[in-house]
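What follows is a short report on a single structure.
The values are calculated or read from the model by the stated rules, or taken from the named source; none is laboratory data. Owing to the predicted nature of the structure, the values given are computational and were not obtained by experimental measurement. In this analysis, Cβ positions are derived from the backbone assuming ideal geometry, glycine residues included, and neighbour counts consider all displayed protein chains.
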Amino acid sequence: MPESHDDSDRSSRYAAEVDALPTRSIGEHQRRSRRSVLTGGAAIAAGALGWRWIQTQPVDDRIPAVLRAGHGVNEAIWSAGFRPDHLAPTYDFSQSSPLRVNGRHGIESEIDVDQWRLDVRSSDGATIGTHQLDDLRALPRHQMTIKHKCVEGWSQITTWAGARFSDFAEQYADQTGHRYVALVTPDRGYYAGLDMATMMHPQTLLAYEMEDGQPLDRQHGAPLRLATPLKYGIKQLKRIGSITFTDTEPDDYWAERGYDFYAGL
Ligand SMILES: Nc1nc2c(c(=O)[nH]1)N[C@H]1C(S)=C(S)[C@@H](COP(=O)(O)O)O[C@H]1N2
Ligand SMILES: [Mo]
């Protein structure tokens, strides 16, 4: 399926921006990002209110009502990469094909799926839960055919299935007021941080299947990976070993190498 102009313009603009970034120091990059996030009084106001406060507001169709209410607040949340009431486009399964393999950091070793465990940690590093794949399979299964986009400038319509992170996180409700979730491979070879708004979005899945219900293979992140149409591929960590709830911007493999931390679409 041909790329729309809109997409390819956006990708090439993004690619150009990314090319320019590594020449800046990390410190400069962080100052710049902070400035761009904090444009406009609305953003500053919402920042002061904070995600934690937003989460305590009445929920309208599972989305805190305040997020629907004001254009200003929506503007602010744009720094998370999307409007919270916005669903990314989905496609017919007939348009889907198995995603090409890209990126092998942290997944090069063999993996015994039966031995694999997902550790959940609080911000002080304490383990607050350990899960096997059956725990994820016990949650409602969602399948989505979405467009996967890579910062390298390609995209592909593909299908994922798994549990919504938001469903998984219900058992950690005391943690979801934090600002970020850190995802790390078991060997710590690859790591990515995501803002809580993205993680709690209904299209953000802890995926264990691809295409028509096939289990993920190792190259695609068996036994569990992140899948979301809201972020570039760099955030969709394959072979998740741990999930940490934190208020500190997590270490992020590609942000450390000059890419935009939010990597939103
Ligand atoms: N562990 C791990 N996850 C990763 C990567 C990686 O190198 N290691 N690369 C990312 C990138 S850049 C992309 S585009 C997608 C590609 O997913 P796929 O190989 O299943 O197509 O995985 C993402 N997740
Ligand atoms: Mo990518």
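For this structure, a couple of remarks:
- Residues that are closer than 15 Å to residue 230 by Cβ and surrounded by fewer than 21 Cβ atoms within 10 Å (Cβ to Cβ), drawn from the range 165-180: 166
- Residues satisfying the stated conditions in the range 144-163, i.e. under 13 Å from residue 234 (Cβ atoms) and in contact with a strand residue (DSSP E or B) (Cβ under 8 Å, 6 or more places away or on another chain): 148, 149
- Every residue from the range 231-247 that is part of a loop (DSSP other than H, G, I, E, B), within 14 Å of ligand 1 (Cβ to nearest atom) and touching a His at 6+ places or on another chain (Cβ under 8 Å): 236, 238
- Subset of the range 196-219 [more than 10 Å from ligand 1 (Cβ to nearest atom), part of a strand (DSSP E or B) and surrounded by 22 or more Cβ atoms within 10 Å (Cβ to Cβ)]: 205, 206, 208
- Comparison of 103, 81 shows that the only residue that is within 23 Å of residue 195 (Cα to Cα), within 16 Å of ligand 2 (Cβ to nearest atom) and modelled with pLDDT under 95 is 81.
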